[in-house]
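Since the structure comes first, as structure tokens, the remarks are kept for the end.
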Amino acid sequence: MTGIAIIIMGSERDLEFSREIAKYLNLLGITYEFRIASAHKTPLTVLEILKEFEKQKVVYLTVAGRSNALSAFIDGNTTKPVIAIPPYSEKYGGADIYSSLRIPSGIGSIVTIEPEGAAIATAKILALNDTTLLNNVTTYQNNKKQELEQANKSVKKLR
């Protein structure tokens, strides 16, 4: 049974960044859906989203900057994997990532700041029981290795 990635954004301002994550999910063959909900402003909506996907094989991808309560709030209310992908903010010099890293006890969300890394982690989680997806991950990683090997051959010729 193939799973689904649910990308939950803290606000519509996170949509462009979330589309970047979706691009990599597409490359890996993962179905996804977008949602917008805030742990601070619309916590009941967050809980409704969790209830909607309760019986499915799902990984939640949370995209929220500044004060990211969304990731920990979701993780504390589900047994499904949660990956926090806080968008980098020039305004705060990256300091806002700490709200994704310093989480309360009993919370086990994963944090990465790269859309590609979030998609790969999602694929690996969902591939635990999906050989097709596992093959997609293997192919993707092998292609990346081949790109590096090709680049190495090219630079060896430089003088």
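The values are calculated or read from the model by the stated rules, or taken from the named source; none is laboratory data. What you see is a predicted model, and the numbers here were worked out from it, not measured in a lab. Positions of Cβ are backbone-derived with ideal geometry, glycine not excepted, and every protein chain shown enters the neighbour counts.
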Working only within segment 1-16, note down all residues that are hydrophobic (A, V, I, L, M, F, W, C), surrounded by fewer than 18 Cβ atoms within 10 Å (Cβ to Cβ) and touching a helix residue (DSSP H, G or I) at 6+ places or on another chain (Cβ under 9 Å).
Met1, Ile4
I need a count of the residues in segment 1-36 that are out of contact with any strand residue (DSSP E or B) (no Cβ under 6 Å at 6 or more places or on another chain), outside any helix (DSSP H, G or I) and more than 30 Å from Asn143 (Cβ to Cβ).
2
Exception for Arg19 within (1) among the charged types (D, E, K, R); (2) within 26 Å of Asp130 (Cα to Cα); (3) more than 15 Å from the chain's Cα centre (by Cα) falls at (3)
Restricting attention to segment 67-109, which residues are in a helix (DSSP H, G or I) and either on the phi > 0 side of the Ramachandran plot or not hydroxyl-bearing (Ser, Thr, Tyr) (or both)?
Leu70, Ala72, Phe73, Ile74, Asp75, Ala95, Asp96, Ile97, Leu101
Test Ile7 against the stated conditions and say whether it is in contact (Cβ under 8 Å) with a residue 40 or more places away in the chain, hydrophobic (A, V, I, L, M, F, W, C) and under 30 Å from Asn129 (Cα atoms).
yes
Checked segment 32-86 for anything in contact (Cβ under 8 Å) with a residue 60 or more places away in the chain and buried (at least 18 other Cβ atoms within 10 Å of the Cβ); matches are Val59, Leu61, Leu70, Ile74, Ile85
Say we look at segment 110-159 and pick out the residues that are over 20 Å from the mean Cα position of the chain (by Cα) and in a loop (DSSP other than H, G, I, E, B); which of these is farthest from Ile7 (Cα to Cα)?
Arg159
Of all residues in segment 40-66, which are among the hydrophobic types (A, V, I, L, M, F, W, C), modelled with pLDDT of 95 or more and outside any helix (DSSP H, G or I)?
Phe53, Val58, Val59, Leu61, Val63
So the check is Cβ under 8 Å with 6+ separation or different chains; which pairs have a first residue in segment 120-144 that's surrounded by 19 or more Cβ atoms within 10 Å (Cβ to Cβ) and a second one that's part of a helix (DSSP H, G or I) and among the aromatic types (Phe, Trp, Tyr)?
Ile120/Tyr24; Ile120/Tyr140; Ala123/Tyr140
Count, please, the residues in segment 87-119 that happen to be surrounded by fewer than 18 Cβ atoms within 10 Å (Cβ to Cβ), farther than 24 Å from Gln56 by Cβ and small (Gly, Ala, Ser).
5
